[in-house]
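So the structure is just underneath, and the comments pick up after that.
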Amino acid sequence: RRFYEKVQALHQDPEASVDNPLLAFSLIKRLHSDWPNVIYSDEATGNTQALHAGLREVEQELPGAEDLDGAARALMRLQDVYALSVKGLASGLFQRAGHPPLYSPGRRVPLSADDCFHVGKVAYDTGDYYHSIAWLEEAVSLFRLSYGTWNLEDRSSLEDALDHLAFSYFMAGNISHALSLSREFLRYDPSNQRVSRNVAKYKKLLEMGTGARVLWCPPPLGPPHTLCASLSPQPAPEQLLRLSCSYETNSSPYLLLQPAKKEMVWIQPEVALYHDFITDAEAETIKGLAGPWLQRSVVASGEKQQKAEYRISKSAWLKDTADPVVRALERRMAAVTGLDLRPPYAEYLQVVNYGLGGHYEPHFDHATSMKSPLYRMKSGNRIATIMIYLSAVEAGGATAFIYANFSVPVVKNAALFWWNLRRNGNGDGDTLHAGCPVLAGDKWVANKWIHEHGQEFRRPCSADPQD
């Protein structure tokens with residue numbers, strides 16, 4: 001009953017479980033490990049058969065170990081990119097030192113000591129001692145506060161946290177602190193021979209002059225991180241004069257009665273944002289069509305496609321025959337861009353869902369090698385990209401253009417358009433871009449990639465071979 005009341009209090013609003021990454025992590029952990037712990041505990045003897053049968057009925061639909069570890073890595077990614085403190089996250093705050101909160105949920109959801117231990121353990125198991133130290137320190141602090149009480153659903157304890165934290169400090173080069181934590185461990189479990197041997201080993205190393213040499217440092221924040229964590233810089237004055245907002249018909253009868261609302265957001269590369277490009281009803285229809293077909297997104301790797309940690313999302317592909325809404329959207333994109341979107345001149349509509357901490361590291365949309373799978377379409381390279389924001393997010397999720405040094409926040413129902421290739425057919429290096437991690441919310445986008453062939457008379461070459 002206590003466990004049920006805790007879960008009910010945490011997840012009263014189903015939508016909030018998706019929006020708040022701490023609540024999402026908490027929910028995944030409850031379903032994967034905490035609930036089975038309660039069911040298979042000695043205290044559940046009163047109705048064992050009913051509890052076990054109930055779990056078996058839904059077991060296939062519950063999150064797995066991969067989901068839980070992925071959620072833990074997502075919290076560490078948000079910690080790094082948005083420079084969030086672990087102590088703040090553990091107390092339910094999304095704040096950088098000296099800055100206003102990046103996201104203020106309706107209700108703060110603190111993490112438990114066991115929650116913090118699990119995040120630290122995921123880092124520990126991969127040799128990432130920078131993150132394991134930060135999260136295990138918080139776990140130790142929280143376990144100390146509640147020492148002597150035991151939550152049935154917890155899988156860890158103060159002793160577990162001290163043990164892992166001590167070894168993390170040892171691996172990071174801080175032997176004196178590893179010794180101090182190991183000695184604290186032995187106060188709670190003096191018969192542990194392994195930790196006793198570690199204490200002797202650490203003392204000997206210190207006597208030999210191997211002291212508190214801290215060999216680790218925080219991971220450097222590169223351009224995508226700094227662009228994601230801060231507002232974009234203002235364009236140069238000469239760029240600013242050329243930025244504009246306008247109603248565009250693009251000489252298309254399709255746009256005469258309802259011109260496109262075009263905002264030029266950058267000049268080099270040329271990036272335009274079309275506001276109110278899609279309606280709420282159309283966006284929901286596309287998400288509904290793609291939902292049953294979503295699978296983990298892949299990336300091009302040589303001549304193959306494979307899953308990668310630098311792209312965390314799920315995607316599905318929709319043909320224009322899937323629904324009249326998709327067909328109408330294809331016509332609208334063709335009218336706005338003036339390009340030929342008929343197969344094989346463009347790829348099918350790709351619908352992508354970026355969930356908890358979902359992101360995409362810096363990449364080009366166009367192929368940079370002739371061995372790329374993109375060339376299997378035999379319609380040339382990707383000349384342009386249209387990316388439609390199908391949902392709003394509360395924080396994070398911007399599209400950051402790395403070399404051009406600007407980012408575009410998520411604008412619900414808007415479409416972002418840019419050219420991947422110059423007029424001479426060479427790739428535009430300024431289009432290197434990244435999908436910033438989603439800090440709060442559920443980000444959906446639809447991508448349309450348009451190829452070179454079929455566009456020869458719609459976007460002709462320039463007289464200047466350098467253009």
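Going through region 84-101 one residue at a time, which ones are aliphatic (A, V, I, L, M) and at pLDDT below 90? Can you show your working first?
Here is the first cut: in region 84-101, the residues aliphatic (A, V, I, L, M) are 84, 86, 89-90, 93, 97.
The one that is aliphatic (A, V, I, L, M) and at pLDDT below 90: ALA97.
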Number of positions in region 100-109 that are touching a residue at least 40 places away in the same chain (Cβ under 8 Å) and either under 24 Å from SER132 (Cβ atoms) or within 21 Å of the chain's Cα centre (by Cα) (or both): 4
Residue pairs meeting the criteria (Cβ under 9 Å; at least 6 apart or on separate chains; first in contact (Cβ under 8 Å) with a residue 12 or more places away in the chain and within 14 Å of LEU356 (Cβ to Cβ), in region 56-84; second surrounded by 18 or more Cβ atoms within 10 Å (Cβ to Cβ) and basic (Lys, Arg)): PRO63/LYS29; LEU68/LYS29; ALA71/LYS29; ALA72/LYS29; ALA72/LYS121
Residue list for region 85-129, restricted to those being over 13 Å from LEU75 (Cα atoms) and in contact with a Pro (Cβ under 8 Å, 6 or more places away or on another chain): SER91, GLN95
Residues satisfying the stated conditions in region 373-408, i.e. in contact with a Leu (Cβ under 9 Å, 6 or more places away or on another chain) and surrounded by fewer than 17 Cβ atoms within 10 Å (Cβ to Cβ): TYR403, ASN405
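Could you identify the single residue in LEU215, LEU205 that is in a loop (DSSP other than H, G, I, E, B), modelled with pLDDT under 95 and open to solvent by 30 Å² or more (accessible area, probe 1.4 Å)? I'd like the intermediate steps shown before the answer.
Numbers: LEU205 fails: in a loop (DSSP other than H, G, I, E, B).
None of the others qualify; the one that does is LEU215.
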Check on SER41, at pLDDT below 90, surrounded by 15 or more Cβ atoms within 10 Å (Cβ to Cβ), among the hydroxyl-bearing types (Ser, Thr, Tyr) and over 22 Å from HIS131 (Cα atoms): no
Residue list for region 271-310, filter: at pLDDT 95 or above, under 24 Å from ALA400 (Cβ atoms) and open to solvent by 90 Å² or more (accessible area, probe 1.4 Å): ASP276
Residue within region 359-368 that is open to solvent by 30 Å² or more (accessible area, probe 1.4 Å) and without any contact (Cβ under 8 Å) to a residue 24 or more places away in the chain present: no
Search result, residues across region 80-106 that are open to solvent by less than 10 Å² (accessible area, probe 1.4 Å) and part of a helix (DSSP H, G or I): VAL81, LEU89, ALA90
Qualifying residue in region 118-129 (condition: surrounded by fewer than 17 Cβ atoms within 10 Å (Cβ to Cβ), in the same structural domain as ARG30 (by the TED database) and at pLDDT 95 or above): yes
Residue within region 444-458 that is in contact (Cβ under 8 Å) with a residue 40 or more places away in the chain, surrounded by fewer than 17 Cβ atoms within 10 Å (Cβ to Cβ) and over 30 Å from PRO21 (Cα atoms) present: yes
Residue check, GLU263 over 16 Å from ARG332 (Cα atoms) and at pLDDT below 95: no
Which numbered condition LEU439 misses (of (1) at pLDDT below 95; (2) closer than 17 Å to GLU270 by Cβ; (3) touching an Asp or Glu at 6+ places or on another chain (Cβ under 9 Å)): (2)
Selection count, region 323-344, where residues are modelled with pLDDT of 95 or more, open to solvent by less than 70 Å² (accessible area, probe 1.4 Å) and of a type outside the set (Val, Ile, Thr): 12
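Scan region 347-382 for residues that are of a type in the set (Gly, Ala, Ser) and in contact with a helix residue (DSSP H, G or I) (Cβ under 6 Å, 6 or more places away or on another chain) and jot them down. So that I can check it myself, show each step before the final result.
Within region 347-382, the first condition is being of a type in the set (Gly, Ala, Ser), and the residues that meet it are 355, 357-358, 367, 369, 372, 379-380.
Passing the criteria: GLY357, ALA367.
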Count - residues of region 131-161 that are of a type in the set (Val, Ile, Thr), free of Cβ contacts under 8 Å to residues at least 60 places away in the same chain and in a helix (DSSP H, G or I): 1
Of all residues making up region 366-403, the number that are under 25 Å from LEU289 (Cα atoms) and aromatic (Phe, Trp, Tyr): 1
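Can SER191 be described as in a loop (DSSP other than H, G, I, E, B) and either modelled with pLDDT of 95 or more or not assigned by the TED database to the domain that holds LEU111 (or both)? It would help to see each step written out before you state the result.
Working: in a loop (DSSP other than H, G, I, E, B): yes; either modelled with pLDDT of 95 or more or not assigned by the TED database to the domain that holds LEU111 (or both): yes.
For SER191, the condition - in a loop (DSSP other than H, G, I, E, B) and either modelled with pLDDT of 95 or more or not assigned by the TED database to the domain that holds LEU111 (or both) - is met.
The values are calculated or read from the model by the stated rules, or taken from the named source; none is laboratory data. On a predicted model such as this, the values are computed, not experimentally measured, just so you know. Using ideal geometry, Cβ is built from the backbone for each residue, glycine included, and neighbour counts are taken over all protein chains shown. Remember, those area values only see protein heavy atoms, side chains included, never the ligands or the DNA or RNA. Shrake-Rupley method; radii C 1.70, N 1.55, O 1.52, S 1.80 Å.
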